[in-house]
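Shown next, in structure tokens, is the structure this report addresses.
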Amino acid sequence: MAPKSDSAEGIVLNFVNEQNRPLNSQTVADFLQKFNLKKTAIQKALDTLADSGKITFKEYGKQKIYLARQDQFQIPNTEELNQMKEENAKLQEMLEEQKKANSQLEGEIKSLQSHLTMEEILSNDDRLRNQVKEMEERLAKLRGGVTLVSPEERKAVEKIYSDVISHWRKRKRMFKDVWDAITENSPKNPNEFKEELGVEYDEDIGVSLQTYATLVPHGKKRLRG
């Protein structure tokens, strides 16, 4: 059932007084949707409240802006304002202390979470023991002269490695061509531009294509870095 006009006026008046800021009818309608008030009812309530002097309004062209009557609010004096400022400063200090305490607790929680439980320790111990056993068995086979990798498997791995090195070289060359084209006519210093974009060369992280290329088995085509 739709609310009565006096009920709508009461809801609208309470809202305007609580907000205590300039409002148009659409803003009021958006906020009061939960009361199932239609915009026409809200507009009527605003106009009635304005005509009766319970709220004030100003017209800007075709739009009306409504505002709570300011004479109904108690304006604090200078002493009260200073007291409120002091209380606000104290609250801010308390908030900062609470934030620090929360941050410390979060750090302690993360530290506790980083420690392994006894169950996790035992599980890791079993896993590591199995790895050690597998490595010892493999070492024993190597010492006994057993071939663990067949020629076919070795050839397949060598081909994959050679293909990867080839792709690496091609991508490195493609990047160089693009980078040279970008920086050739750029007013920026290439090194500064590189830092700005976060670009890293192989050398920046201690990697050399030539070093890996020399690992290609003899008989294969050598790849130049």
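Step through the table entries LYS38/LYS62; LYS39/LYS64; LYS34/LYS99; LYS133/LYS159, compare each Cα-Cα distance with 25 Å, and write down the pairs that go over it.
From LYS38/LYS62; LYS39/LYS64; LYS34/LYS99; LYS133/LYS159, over 25 Å: LYS34/LYS99; LYS133/LYS159.
Convex hull over the alpha-carbon atoms of region 148-213: what's its volume per residue in Å³? Don't jump to the answer; show the numbers that get you there.
Numbers: hull volume 6.5 nm³, N = 66.
So the per-residue Cα hull volume is 98 Å³.
If I model a spin label as a point 7 Å beyond the Cα along the Cα-Cβ vector, how far apart are those points for PHE175 and LEU139 in nm?
Label at PHE175, label at LEU139, 3.8 nm between them.
As I understand it, the dipole of region 79-219 uses +1 on the Cβ of Lys and Arg and -1 on the Cβ of Asp and Glu, about the Cα centre. Which of SER123, TRP168, THR183 lies farthest toward its positive end?
In region 79-219, that residue is TRP168.
Going 7 Å from the Cα of GLU80 toward and past its Cβ, which residues in region 11-34 have a backbone nitrogen under 19 Å from where you end up?
17-21
Between GLU195 and LEU215, how high is the FRET efficiency from 1/(1 + (r/R0)^6) when r is the Cβ-Cβ distance and R₀ = 35 Å? Nearest 0.05. Walk me through the intermediate numbers first.
Values: r = 32 Å, r/R0 = 0.90.
Calculated transfer efficiency: 0.65.
If you look at just the Cα atoms of region 72-125, how large are its Rg and its Dmax in Å?
Cα-based Rg and Dmax for region 72-125 come out at 23.4, 75 Å.
Can you pull out the chymotrypsin sites (Phe, Trp or Tyr not before Pro) in region 32-122 that DSSP calls coil and that have at most 14 other Cβ atoms within 10 Å? Don't skip to the answer; put the middle values down first.
Values: sites: PHE35, PHE57, TYR60, TYR66, PHE73; in loops: PHE73.
Answer in residue order: PHE73.
Of all the stretches in the chain, which is the longest one without any exposed loop site, taking trypsin sites (Lys or Arg not before Pro) in a DSSP loop (any state but H, G, I, E, B) with at most 15 other Cβ atoms within 10 Å?
Details: sites that count: LYS4, LYS38, LYS62, ARG69, LYS188, LYS220, LYS221, ARG222, ARG224.
With trypsin sites (Lys or Arg not before Pro) excluded where exposed in loops, the chain gives 70-187 as its longest stretch.
Enumerate by residue number the chymotrypsin sites (Phe, Trp or Tyr not before Pro) in region 167-217 meeting two conditions: DSSP loop (anything except H, G, I, E, B), and at most 15 other Cβ atoms within 10 Å of the site's Cβ. Don't skip to the end; give the middle numbers.
Numbers: sites: TRP168, PHE175, TRP179, PHE193, TYR201, TYR212; in loops: TYR201.
Passing both the DSSP loop test and the Cβ count: TYR201.
With contacts defined as alpha carbon pairs under 8 Å and 6 or more residues apart, what's the relative contact order of the chain in percent? Spell out each step's value before the answer.
Working: 112 pairs, mean separation 27.4, N = 225.
Once normalised by length, the contact order is 12 percent.
Across all directions of projection, what mean area in square nanometres is found for the Cα convex hull of the chain? Write down the numbers at each step before the final one.
On the way: hull surface 130.5 nm².
Result: a mean projected hull area of 32.6 nm².
For the pair MET94 and THR56, what calculated FRET efficiency results from E = 1/(1 + (r/R0)^6), where r is the Cβ-Cβ distance and R0 = 41 Å, to the nearest 0.05? Let's see the in-between values first.
On the way: r = 38 Å, r/R0 = 0.93.
So the FRET efficiency works out to roughly 0.60.
State in Å² the accessible area per residue of region 94-170; use a 1.4 Å probe, count heavy atoms of protein chains only, and round to the nearest integer.
Numbers: 7080 Å² over 77 residues.
Computed with neighbouring chains in place, this is 92 Å² per residue.
Below 13 angstrom from the Cβ of ASN130, what's the summed charge of the other residues (Lys, Arg +1; Asp, Glu -1)?
Local net charge: -1.
The values are calculated or read from the model by the stated rules, or taken from the named source; none is laboratory data. None of the values given here were measured: they were computed from a predicted structure. Ideal geometry is used to build each Cβ from the backbone, glycine not excepted, and the neighbour counts take in all protein chains shown. These accessible areas exclude ligands, DNA and RNA; they are computed on the full protein's heavy atoms, side chains included. Shrake-Rupley method; radii C 1.70, N 1.55, O 1.52, S 1.80 Å.
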